[in-house]
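Enquirer: Submitted below is the structure of interest, expressed as structure tokens.
The values are calculated or read from the model by the stated rules, or taken from the named source; none is laboratory data. Quick caveat: nothing in here was measured; it's all calculated off a predicted structure. Every residue, glycine as well, gets a Cβ built from its backbone with ideal geometry; the counts of neighbours run over all protein chains shown.
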Amino acid sequence: MTTQHVRLQLQFESLEKQTHAARLGMWLFLGSELLLFSALFALYASYRAGHPQTFQAAVHHTSFWLGASMTALLITSSLTVALSVDAMRRARPRACVRWLALSILLGALFLVAKGFEYADHFAHGIFPGVHYAYAALPQPGAVVFFTLYYLMTGLHAVHVIAGLITLGTVAALVHRRRYDAVYHTPLELAGLYWHLVDVVWIFLWPAFYLMG
Amino acid sequence: MREAELRASAAPTYVAAYVALLALSCATLGLSFFSLGILETVLALAIAALKGVVIAVFFMHLGEQRPVNALFLMVALLLVVFFVTLSAADVGTRADRPSQSQPRPAAQNAPASDPASLLTAQRNPTAALAELGVAAEKSTRRGPSRRP
């Protein structure tokens, strides 16, 4: 089976090995991203162990419905990304681009919701670190909670932005028929990155919105 | 390309996985309305882990790929579990861990200046001034922050 789109590199014996190497490299990168967030989750777990009641109280001061909506948005976007890869596998580039566009829209809506959330927090005087000025929860544990909240959801939002740029780039390349049913590895790798962004949120959500 | 176009769509599997993810999310939501203490944390983490497995196997095609990819993921996950649980266990089993964080009158204007002191938050408000004096010394020491 040949295709004009893929270039088998000199160092690989077959296309299957080349594709496997690309995927394994991506999984390695995803593992490193997991460890990046794990450092922050370890901070969260440690501070929560030190201030259990304050953390539980502070969880009630994040928006329950925005948190649930953002979770639904990201899980749906993971579905649409999976469907875009499925469409590409069945040689349907137009459907692939449409699913990717929908994924990007859902990711953008997630960022809009996060923006509203941050604005609401700022209006109440909830800022990170020494700028914290929330009268309803003055305890030092609450300051740590919200500083961690901004740090972890902010880092996650940066990853969402990077994921949207990646998906957008891949969508443009699919639209230009750069890939086909045999070779669409960059699309798969972009999808893997997006799914990781979703998985990280799945752990952020109970930590900051539910466990109160 | 003909055979690619005739390939069956995996969409039904994806939609089933999606429904499972939404159901597990609702379970986590429902769980948050009950106060079960440590059990709630364990269950919430277990449900989140299950959702992660569903995404990894069905959306990320972990089952279709070579097993070494799953091995990489599992090693990373193992390290994450070690890191998070051991860090929390360290702080959680310290003898001077307070059961309730009190607002500190002397420290309210600069609450987050010393992370080490926040991990072992002082309960005694009258010691706040003395503690602020000690805080500068604490942050330069490498040893345990507990006083003997």
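Enquirer: Is it true that some residue in the stretch A:114-134 is closer than 30 Å to A:A22 by Cα and without any contact (Cβ under 8 Å) to a residue 60 or more places away in the chain? Give the derivation first.
Expert: Start the filter on the stretch A:114-134 by keeping residues that are closer than 30 Å to A:A22 by Cα, which leaves none.
Among the residues of the stretch A:114-134, not one is closer than 30 Å to A:A22 by Cα and without any contact (Cβ under 8 Å) to a residue 60 or more places away in the chain, which makes the answer no.
Enquirer: A further question follows. Given the criterion surrounded by fewer than 18 Cβ atoms within 10 Å (Cβ to Cβ), of a type in the set (A, V, I, L, M, F, W, C) and facing chain A (nearest Cβ under 9 Å), identify the matching residue among B:V68, B:V57. Give the steps one after another, and end with the answer.
Expert: Values: B:V57 fails: facing chain A (nearest Cβ under 9 Å).
Going through B:V68, B:V57 in turn, just one is surrounded by fewer than 18 Cβ atoms within 10 Å (Cβ to Cβ), of a type in the set (A, V, I, L, M, F, W, C) and facing chain A (nearest Cβ under 9 Å): B:V68.
Enquirer: Something else about it: I need the full set of residues from the stretch A:161-187 which are in contact with a helix residue (DSSP H, G or I) (Cβ under 6 Å, 6 or more places away or on another chain), within 22 Å of B:L62 (Cβ to Cβ) and of a type outside the set (S, T, Y), in order please.
Expert: Correct list: A:G163, A:L167, A:V170, A:A181, A:H184, A:P186, A:L187.
Enquirer: Also, quick follow-up: Condition first: free of Cβ contacts under 8 Å to residues at least 60 places away in the same chain and not in a loop (DSSP other than H, G, I, E, B). Now tell me which residues in the stretch A:176-189 satisfy that.
Expert: Hit for the stretch A:176-189 is A:P186, nothing else.
Enquirer: Among A:A133, A:A142, which is the only one that is outside any helix (DSSP H, G or I), over 22 Å from the mean Cα position of the chain (by Cα) and small (G, A, S)?
Expert: A:A133
Enquirer: B:I38 - would you say it is more than 7 Å from every other protein chain (Cβ to nearest Cβ) and loosely packed, with under 12 Cβ neighbours inside 10 Å?
Expert: Values: more than 7 Å from every other protein chain (Cβ to nearest Cβ): yes; loosely packed, with under 12 Cβ neighbours inside 10 Å: yes.
It is true that B:I38 is more than 7 Å from every other protein chain (Cβ to nearest Cβ) and loosely packed, with under 12 Cβ neighbours inside 10 Å.
Enquirer: If A:A39 satisfies every condition in (1) without any contact (Cβ under 8 Å) to a residue 12 or more places away in the chain; (2) over 30 Å from A:M211 (Cα atoms); (3) among the small types (G, A, S) but one, which is the exception?
Expert: Every listed condition holds for A:A39 apart from (2).
Enquirer: Name the residue, out of B:A27, B:A46, B:A8, B:A17, that is touching a Phe, Trp or Tyr at 6+ places or on another chain (Cβ under 7 Å) and either within 9 Å of chain A (Cβ to nearest Cβ) or within 25 Å of A:L210 (Cβ to Cβ) (or both). I'd like the intermediate steps shown before the answer.
Expert: Numbers: B:A27 fails: touching a Phe, Trp or Tyr at 6+ places or on another chain (Cβ under 7 Å); B:A46 fails: touching a Phe, Trp or Tyr at 6+ places or on another chain (Cβ under 7 Å); B:A8 fails: touching a Phe, Trp or Tyr at 6+ places or on another chain (Cβ under 7 Å).
Exactly one of B:A27, B:A46, B:A8, B:A17 is touching a Phe, Trp or Tyr at 6+ places or on another chain (Cβ under 7 Å) and either within 9 Å of chain A (Cβ to nearest Cβ) or within 25 Å of A:L210 (Cβ to Cβ) (or both), namely B:A17.
Enquirer: Tell me which residues, restricted to the stretch A:197-212, are closer than 16 Å to B:T41 by Cα, part of a helix (DSSP H, G or I) and at the interface with chain B (Cβ under 9 Å from one of its Cβ atoms). If you could, list the steps in order and put the result at the bottom.
Expert: Of the residues in the stretch A:197-212, the ones closer than 16 Å to B:T41 by Cα are A:202-212.
Then keep just the ones that are part of a helix (DSSP H, G or I); that gives A:202-210.
Correct list: A:I202, A:F203, A:W205, A:P206, A:A207, A:Y209, A:L210.
Enquirer: Does the stretch B:32-43 contain at least one residue that is more than 20 Å from A:W205 (Cβ to Cβ) and assigned to a helix (DSSP H, G or I)?
Expert: No: the stretch B:32-43 contains no residue that is more than 20 Å from A:W205 (Cβ to Cβ) and assigned to a helix (DSSP H, G or I).
Enquirer: For the stretch A:64-86, give me each residue that is farther than 24 Å from B:R7 by Cα, more than 9 Å from chain B (Cβ to nearest Cβ) and free of Cβ contacts under 8 Å to residues at least 40 places away in the same chain.
Expert: Scanning the stretch A:64-86 gives a single hit, A:W65.
Enquirer: Could you tell me whether A:G141 is at pLDDT below 95, surrounded by 23 or more Cβ atoms within 10 Å (Cβ to Cβ) and small (G, A, S)?
Expert: Against the criterion (at pLDDT below 95, surrounded by 23 or more Cβ atoms within 10 Å (Cβ to Cβ) and small (G, A, S)), A:G141 qualifies.
Enquirer: Look through the stretch A:22-41, keep the residues that are farther than 16 Å from A:H156 by Cβ and at the interface with chain B (Cβ under 7 Å from one of its Cβ atoms), and return whichever of them is surrounded by the fewest Cβ atoms within 10 Å (Cβ to Cβ).
Expert: Filtering the stretch A:22-41 for residues farther than 16 Å from A:H156 by Cβ gives A:22-29, A:31.
Going one step further and asking which of them are at the interface with chain B (Cβ under 7 Å from one of its Cβ atoms), we end up with A:23-24, A:27-28, A:31.
On the way: A:R23: 22, A:L24: 16, A:W27: 24, A:L28: 14, A:G31: 19.
Among those that are farther than 16 Å from A:H156 by Cβ and at the interface with chain B (Cβ under 7 Å from one of its Cβ atoms), it is A:L28.
Enquirer: Condition first: without any contact (Cβ under 8 Å) to a residue 40 or more places away in the chain, more than 30 Å from A:G141 (Cβ to Cβ), of a type outside the set (V, I, T) and not in a helix (DSSP H, G or I). Can you find one or more residues in the stretch A:87-101 that meet it?
Expert: Our first condition is that a residue be without any contact (Cβ under 8 Å) to a residue 40 or more places away in the chain; within the stretch A:87-101, this holds for A:87, A:92, A:94-95, A:98-99.
Adding the requirement that they be more than 30 Å from A:G141 (Cβ to Cβ) leaves A:87, A:92, A:94-95, A:98-99.
Now drop any that are not of a type outside the set (V, I, T), which leaves A:87, A:92, A:94-95, A:98-99.
Imposing the further condition that a residue be not in a helix (DSSP H, G or I) reduces the set to A:92.
The answer is yes, given that some residue of the stretch A:87-101 is without any contact (Cβ under 8 Å) to a residue 40 or more places away in the chain, more than 30 Å from A:G141 (Cβ to Cβ), of a type outside the set (V, I, T) and not in a helix (DSSP H, G or I).
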